[in-house]
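Before any comments, here is the structure.
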Amino acid sequence: MQTAQSLPRSLYADTSVAAPVTPLFDMDARTSVAIVGAGFAGLSAALHLAEMGVDVTVLEANEPGWGASGRNGGQVNPGLKFNPDQLLAMFGDDLGRRMIARAYGGPDFTFDLIRRLGIDCDARQTGTLRAATHAQTVDAVRETARQCASHGMPTVLLDAAGIQAATGTSHYSGALFDPRGGDLHPLNYARGLAVAALAAGVKIHSGSRVLSISRKDGGWALRTAKASLTANKLLITVNAYADGVWPGLKQSLVPVYSSIVASEPLPDDLAARILPHRSVLYESSHITVYYRLDGQNRLLMGGRGPQRRLDGDRNALSYLIRHAERLWPDMKHVRWSHAWNGQLAITPDHLPHVHEPSPDALIYLGCNGRGVALATTMGQQLANRILKGADAQLDLPVSAIKPLRFHALWPIGVHTAMLWGRLRDAVGF
Ligand SMILES: Cc1cc2nc3c(=O)[nH]c(=O)nc-3n(C[C@H](O)[C@H](O)[C@H](O)COP(=O)(O)OP(=O)(O)OC[C@H]3O[C@@H](n4cnc5c(N)ncnc54)[C@H](O)[C@@H]3O)c2cc1C
C-alpha cells in the first residue's frame, strides 16, 4: 500500500504559509458528500457545498495541494485548448456557449473568490499573453484573436513590436493579450482554500488515501487503511494522480509530467526589461513553454521535462534554462534556485472530463494544463450538480469513462511526442 508522501521540494513549498491541520481519517464516520482528492477541484467543490449547508468530508491521500494544485506554473489562464467557434461547432450553440463562458470566465471567478475569502496568495490579475513563435502559430493566434473579439471578449492582438515591448525579446512574431488572466502562488492558494473550507465546516483528512469504494445502504462506503466513511453522495477529483480508486479512471488519461525552474529574485531593472507589465506568458508552439515573474521578481519557466519525478535535479531542466537565456541573454548571469515537477492529466480529446456513473456520483478530471481557474470554477458547478442532480446544469459535457488502449506505454508515447514537437519547433513547421 502507498504511504502518504510529503510535498516535494519546490519554490512554493519553501515559501508557503503553514499547512492547516487536517488529521488522519482514523474513525468510521458518516457524511452527506464524500470528496476524494484535495486539489483546487475538490477543495472548491467542498467549500461551495459547505456554504450551501451540506455536510462534506474530504479524504486526501497526501495533503491539500499536494498534487498539481500546489506545484503548477501559477498562471490563471482563460479558455480551453479549442477556439470559441470550434467549441460551438463541436458542442452546439447552447452547451458550446456555456463552455465558452465558463472557461473564459474562470479567471474572474477565481480572483473574485480569492478576494471574497481574503486568501493571501500573491494573486495579480495582470493578464495572459499567448505568444506565437512561428509564422504558422501567428496565424493561429490571429484566428483566436478574431474569434475572441467576435464573442465580445476584451482581448487584444499584439504585433511583433507589441509583443517585443511586452517581453523584451524579439523571439515572438505576435501575441494575444487577455487582460482577464494573471497569476498566484498556487500552494498558498490551495492552503487558503482548505482553510476557508474548514472554516465553513468541511472535514478534511490528510494521509487518508481511499483504497476502495463500494455501494452501501443505497449510498457509498469509502475505505481507507484506518477507517470507513459512509456517504450519500460521492465526488472524485484525483486528476492525474488517479490510482485504482475507480475502475478505468487511471487508464482514461495520460499523466504527463510538466517541469518548472525558478530563478533567484532578479534585479529590478532586469525584471522590468523582460516582463514590464507582469503578464504571464505561454508560447503557442508544439512544445509549450510558459513563464511569469512572481511577486519577488523570480522568473518561473515551465515546460516539458523528464517523464519521472525530478527531486530537485536542476540539470535535467537545462532545456528550460537555455530557453530563458535565448530569450534574454542577461539571464546567463542569474542563478536558478529551484527545480520541480508534477503530473497533469491530458485527455485524448484535450478537454476536461466529467463522468456521472450514477446520479449520486460525479468524477472530474483532465484540465490539460489549464486547471487553476477551471478547476476552481468547476468546483462550484460540481457542488451544485452533486447536490441538486440533473436540475443543475453543467457547462461541460458529461461522458462515459473510456480507458485508453496501450495506456501502460504512455511514457514512450510522451517522449516521442516531445522529440517530434521539439524538432518541429526548431525547424518551424
Ligand atoms: C508542473 C505543472 C504546471 C502547471 N501549470 C499550470 C498553470 O500555470 N496554469 C494552469 O491553469 N494549470 C496548470 N497546471 C494544471 C493544474 O495545476 C491542474 O489542472 C489543477 O491543479 C488540477 O487540480 P485538481 O484538483 O483537479 O487535481 P490535483 O491538484 O492534482 O489533486 C488531486 C489530488 O487527489 C489526491 N488523490 C489521488 N488519489 C487519491 C486517493 N485514492 N485517495 C485520496 N486522494 C487521492 C492526490 O494526492 C492529489 O492531491 C499545471 C500542472 C503541473 C503539474
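Only the coordinates and a few stated rules stand behind these numbers; no lab work does. The shown structure was predicted, so the numbers you read here are calculated from the model rather than taken from an experiment. Here the Cβ positions follow ideal geometry from the backbone for every residue, glycine too, while neighbour counts run over all protein chains shown.
Kindly provide the helix-only [θ] at 222 nm of the chain, computed as the sum of -39,500 (n - 2.57) over DSSP H runs of four or more divided by all residues, to the nearest 500 deg cm²/dmol?
On the way: 11 runs with 140 residues, N = 429.
Estimated from H runs of four or more residues: -10500 deg cm²/dmol.
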With bins 5 Å wide starting at 0, give me the P(r) of the stretch 300-370 over every alpha carbon pair, in whole percents. 3, 13, 19, 15, 14, 12, 9, 7, 4, 3, 2, 0
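Using only C-alpha positions, report the orientation-averaged shadow area of the convex hull of the stretch 151-213, nm², one decimal.
9.3 nm²
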Of all C-alpha pairs within the chain, those more than 31 angstrom apart amount in percent to 37 percent
How much space per residue, in cubic angstrom, does the convex hull of the C-alpha atoms of the stretch 177-264 take up? 204 Å³
Quick one: if you stick a label point 7 Å off each Cα along the C-beta vector at Asp55 and Ala149, how many nm between them? 5.6 nm
Extent of the stretch 1-130 along each principal axis, from alpha carbon coordinates, in Å, largest to smallest? 50, 36, 34
Let me check I've understood the local charge: for Gly219, count other residues with C-beta under 15 angstrom from its C-beta, Lys and Arg +1, Asp and Glu -1. What total comes out? +1
Descending packing, highest mean Cβ count within 10 Å first, for 95-108, 61-74 is 61-74, 95-108
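Based only on the alpha carbon positions, what is the Kirkwood hydrodynamic radius of the stretch 105-161, in angstrom?
Radius from the Kirkwood sum: 13.5 Å.
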Can you figure out the FRET efficiency of Thr169 with Ser358, using R₀ = 60 Å and their beta-carbon distance, to the nearest 0.05? 0.70
Let me understand the stretch 220-344 better: what is its radius of gyration from the alpha carbons, and its Dmax, in angstrom? 19.4, 58
Net charge of Cβ neighbours under 14 Å - reference Pro255; Lys, Arg +1; Asp, Glu -1: +4
Under a Cβ-Cβ cut-off of 15 Å, what is the net charge of the residues other than Gly295 that fall near it, where Lys and Arg count +1 and Asp and Glu count -1? -3
Of the lysine pairs in the chain, how many meet both conditions: Cα atoms under 30 Å apart, and a spacing of 8 or more in sequence or different chains? 20
